[in-house]
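The values are calculated or read from the model by the stated rules, or taken from the named source; none is laboratory data. Quick caveat, the model's predicted, so the values are computed rather than measured. Every residue, glycine among them, receives a Cβ derived from its backbone with ideal geometry; neighbour counts consider all protein chains shown. The accessibility values were calculated without ligands, DNA or RNA, using every heavy atom of the protein model including side chains. Shrake-Rupley method; radii C 1.70, N 1.55, O 1.52, S 1.80 Å.
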Amino acid sequence: MNSKIFNLNWEKFNYKDPEQRKSLAGALQYFCALPNKYVADRFANVPEFVKTHKQIQEFTLMSDGWVNEKAIDIVQKFHLLTDYDNGYEQIFDIRDFAGTNASGFKILNVESGLTFGEVKTGEKAKVYKFSGTSADVTFGLYGGGLMWDRILIDDRQYWTLEDNAIAFRNKAYSSRAEAFYALIEAAGAASGNDQSWTAVTPASVATSNENYNAIRDVNTINAACLAILTDLKDDGVGANANSQFVILAPVALKSRLERASRMLQQPVVGSGQHLSFNIRVVYTLMLSSNSYYYVCFPKAKAKGGYRMDLTIYDQFDILAYADTMAGWMRYGGAIGDTDQIARCAVA
């Protein structure tokens, strides 16, 4: 029986052979490294890994839909239909610090910013305020354990081992995503960053009009973009009328925002309203509320760094009759100016 996630045949696998156990640990490391944004040095010269990694990076971003139908095959093959996504990487300027000696990074010319601290397993991300001319963002160490009961191996219940590995990897990347999404939500909730549901124009458009909500949503998005540009225009981040904005929205609002975004090409007859700015929408299931979406000026002072991707260490626990795998990650992130984010209401 071939494994669904590892490059091995379980029927030929001999767990008593130390070399085969070593191969399994390597396969688990390979599997856990695939979703990371950057290719780890240890896999940089493995053509199959590099090829698969590129495909996965194309298909793990929730946006307007899959790039093409082949994505479904990739998702099913590598079990990437997960409860997390990497959409936040479109908003943060994520840098690769793997292989360096850096303990963190610095953000210059901080206005009013937010960063997150380390969280224990099961806890929610904690967001902290900071301000000043510069700020140091440290790389926190995050870890978790996976225990493979040897009885499952003795009884050849390999599918259970694979399910455990999938859940373990998903939890690791989900925790990292939650931390970055928490920063975006906290920035949107900062004083002065709320954008109310803007009034319909012209005022003669009736609430019964099928485009009533869409017109108000378009006006809201335009107002949010204008407010962000006004706040950032003298900050040296290149904010201008042609800047690219990213809307981060819960999947529950997808049909509604798609109707609004269609006004980019064709204003509603009689309203003259259309999106005036360069907008791209990223959808996610990881926001805490479906009552808001976020207009973001991406990158600039929204910074993140990956110091160590999900790295696995293993040993046999003689008292538990199980193989214990410990997975560790190091990363950090901050938004140096909360004016880059506007939280938009839908009612």
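Residues in the range 1-37 that are under 26 Å from the mean Cα position of the chain (by Cα) and of a type in the set (A, V, I, L, M, F, W, C): ILE5, PHE6, ALA27, LEU28, PHE31, CYS32, ALA33, LEU34. On inspection, GLU185 passes the criterion of being open to solvent by less than 40 Å² (accessible area, probe 1.4 Å), modelled with pLDDT of 85 or more and acidic (Asp, Glu).
Sort through GLU11, GLU19 and tell me the only one that's on the phi < 0 side of the Ramachandran plot, in a helix (DSSP H, G or I) and at pLDDT 85 or above. So the residue among GLU11, GLU19 that is on the phi < 0 side of the Ramachandran plot, in a helix (DSSP H, G or I) and at pLDDT 85 or above is GLU19.
Is it fair to say THR201 is among the polar types (S, T, N, Q) and under 19 Å from PRO298 (Cβ atoms)? In short, no.
Residues considered: LYS37, LYS54. Of these, the only one that is in contact (Cβ under 8 Å) with a residue 60 or more places away in the chain and open to solvent by 40 Å² or more (accessible area, probe 1.4 Å) is LYS37. Restricting to the range 147-182, what's the tally of residues that are open to solvent by 10 Å² or more (accessible area, probe 1.4 Å) and in a strand (DSSP E or B)? Of the residues in that region, 2 qualify. Say whether the condition of being at pLDDT 80 or above, buried (at least 19 other Cβ atoms within 10 Å of the Cβ) and not basic (Lys, Arg) is met by at least one residue in the range 65-81. No, the range 65-81 contains no residue that is at pLDDT 80 or above, buried (at least 19 other Cβ atoms within 10 Å of the Cβ) and not basic (Lys, Arg). In the range 220-248, of all residues being farther than 17 Å from SER276 by Cα and aliphatic (A, V, I, L, M), the one that is surrounded by the most Cβ atoms within 10 Å (Cβ to Cβ) corresponds to LEU248. Is it fair to say ILE318 is touching a helix residue (DSSP H, G or I) at 6+ places or on another chain (Cβ under 7 Å), open to solvent by 10 Å² or more (accessible area, probe 1.4 Å) and over 18 Å from GLN340 (Cβ atoms)? Spelling it out, it is not the case that ILE318 is touching a helix residue (DSSP H, G or I) at 6+ places or on another chain (Cβ under 7 Å), open to solvent by 10 Å² or more (accessible area, probe 1.4 Å) and over 18 Å from GLN340 (Cβ atoms).
Among the residues making up the range 151-182, those that are charged (D, E, K, R), farther than 16 Å from GLY304 by Cα and touching a residue at least 40 places away in the same chain (Cβ under 8 Å) are ARG156, GLU162, ARG169.
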